Amino acid sequence: MRAVTRPLADWEFFLSDPDTAPPPGIPPLLRLYALLATADAARTYRRRGWSAARPLLEGAQPAPGASKFGGLPAGTAVHLARRQVFWSQLVLRFLMPRADCLPRSLALARCLSALGLPAEVCVARALTSTFDKDNFHAWTELHGIVLNDNQDVTVGYRVLQRIRSARLAGPPAAPNGRRRPTS
């Protein structure tokens, strides 16, 4: 039987492809900046709604010192982003305990944008629905990978909007949600 020396290391295989390099650690001040950006997005959404919170994401700038994360390979960036989901949602749950999918996605995308990662919020309409409540949904993507929902969510919904920071914008997404190859 194998001895467990690093319990967290045993769970790492859930976060990414085993062929990708492990992501670099985030300095504490940079994490604090990202969590404050998350809190700002959540407060703005709660007080003034989506029309005031959307420009926070569209105008998001990376925090000082976040430039090294913006150039990470896609697999490593997704691994790093998945590590940040917990922290982002922790802050959001404190400020908005009953948050739906749109504020959760906005908060995560704002957190990742502060870290220099080009995350985007996808707002979609269900292809088929039996309840009015289930007509629309939102999630956060990074490099075409869904971060805060099941990857299969893209099958049952048609994306209406993709909102991301103009300062972190990468190549536009293809109609099927996958990234277009850059030349």
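The values are calculated or read from the model by the stated rules, or taken from the named source; none is laboratory data. Since the model is a prediction, treat every value here as computed from it, not as a measurement. Positions of Cβ are generated from backbone atoms using ideal geometry, with glycine treated the same way; all protein chains shown enter the neighbour counts. For the accessible areas, the whole protein counts, side chains as well, though only heavy atoms, and no ligand, DNA or RNA atoms are used. Shrake-Rupley method; radii C 1.70, N 1.55, O 1.52, S 1.80 Å.
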With every protein chain in place, what's the accessible area of Lys68 (1.4 Å probe, Å², nearest 10)? 110
What relative contact order, as a whole-number percentage, does segment 80-175 give when Cα pairs under 8 Å and 6 or more residues apart are counted? 29
List the residues, sorted by chain then number, that are 5 or more residues from Ala63 or on another chain and whose placed amide H is less than 5 Å from its amide H. Leu115, Gly116
From the protein chains alone at 1.4 Å, what is the descending order of accessible area for Tyr33, Tyr157, largest first? Tyr33, Tyr157
I want to make sure I understand the PRE zone here: with the label point 7 angstrom from the Cα of Arg83 toward its beta carbon, which residues in segment 25-57 have backbone N atoms less than 12 Å away? 25-28, 31
Once the Cβ-Cβ distance between Leu160 and Met96 is put in as r, and R0 is 22 Å, what FRET efficiency do you end up with, to the nearest 0.05? 0.45
How do Phe86, Phe94, Phe69 stack up against each other in accessible area, from largest to smallest, with a 1.4 angstrom probe? Phe94, Phe86, Phe69
Integer Hz, Karplus 6.51/-1.76/1.60 couplings in order for segment 71-87, x for Gly and Pro: x, 5, x, 4, x, 5, 5, 5, 4, 4, 5, 5, 5, 8, 4, 4, 5
Note down the nm distance, to one decimal, between modelled labels 7 Å out along Cα→Cβ at Glu58 and at Asn150. 3.3
Order these peptides, 36-43, 108-115, by their mean beta-carbon neighbour count within 10 angstrom, highest first. 108-115, 36-43
Charged-residue dipole, Cβ positions (Lys, Arg, Asp, Glu), segment 120-159 about Cα centre, Debye nearest 20: 120
Can you tell me the FRET efficiency between Arg125 and Arg48 if r is taken as the Cβ-Cβ distance and R0 is 22 Å, rounded to the nearest 0.05? 0.35
